[in-house]
Amino acid sequence: MKTNEFMALALDEARAAGERGEVPIGAVVVLDGTVIGRSGNRTRALNDITAHAEITAIRMACEALGQERLTGADLYVTLEPCTMCAAAISFARIRRLYYGAEDPKGGGVDNGVRFYAQPTCHHAPEVYSGINEVQAAEMLREFFRGKRE
């Protein structure tokens, strides 16, 4: 699979999250071309504020490999990770982060605290933004538009 195909899987996870009433964000963890974890937001379903798509996908991937680190793995996520998720990505030693839409209000990678640029960050993944950005952003806009109506 190629980058856009993995992001398409993340978008599928986001869509499913939205259908469950969760904020439509999806994430996929890939190692050596194989998906080892995938999830959408599950904060409401699990009553767990840490159950963001990135963290639940990382948990699944760690479980699949039987280890706490994901060295060499890549993460595809539909929205710029928040600071909590950026830290989890760092601690998991994710190699590359690909994300769709920027999050000027809540992002922690290219916006906000810019976690990976801080001197206290022990591991910073390579970051690639704007992958399927229009689709990811539109899905979020549509979801919140529906909530306001």
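In region 127-149, the qualifying residues are those that are in contact with a helix residue (DSSP H, G or I) (Cβ under 8 Å, 6 or more places away or on another chain) and among the β-branched types (Val, Ile, Thr), and the one that is modelled with the highest pLDDT is VAL127. Any residue at all in region 96-105 that is open to solvent by 30 Å² or more (accessible area, probe 1.4 Å) and farther than 24 Å from ARG141 by Cβ? Yes; the residues of region 96-105 include at least one that is open to solvent by 30 Å² or more (accessible area, probe 1.4 Å) and farther than 24 Å from ARG141 by Cβ.
Flag: LEU79 matches the condition of being among the hydrophobic types (A, V, I, L, M, F, W, C), at pLDDT 95 or above, within 12 Å of the chain's Cα centre (by Cα) and open to solvent by less than 40 Å² (accessible area, probe 1.4 Å).
Within region 101-149, the only residue that satisfies the criterion of being within 20 Å of VAL30 (Cβ to Cβ), assigned to a loop (DSSP other than H, G, I, E, B), without any contact (Cβ under 8 Å) to a residue 40 or more places away in the chain and of a type in the set (Val, Ile, Thr) is VAL109. Listed conditions (1) open to solvent by 40 Å² or more (accessible area, probe 1.4 Å); (2) of a type in the set (A, V, I, L, M); (3) part of a helix (DSSP H, G or I); (4) in contact with a helix residue (DSSP H, G or I) (Cβ under 9 Å, 6 or more places away or on another chain) are all met by MET60, apart from (4).
The values are calculated or read from the model by the stated rules, or taken from the named source; none is laboratory data. All of these numbers come straight from a predicted model, not from anything done at the bench. Methodologically, a virtual Cβ is constructed for each residue, glycine included, from the backbone with ideal geometry; neighbour enumeration extends over all protein chains shown. Just so you know, the surface numbers come from the protein's heavy atoms only, side chains and all, with ligands and any DNA or RNA stripped out. Shrake-Rupley method; radii C 1.70, N 1.55, O 1.52, S 1.80 Å.
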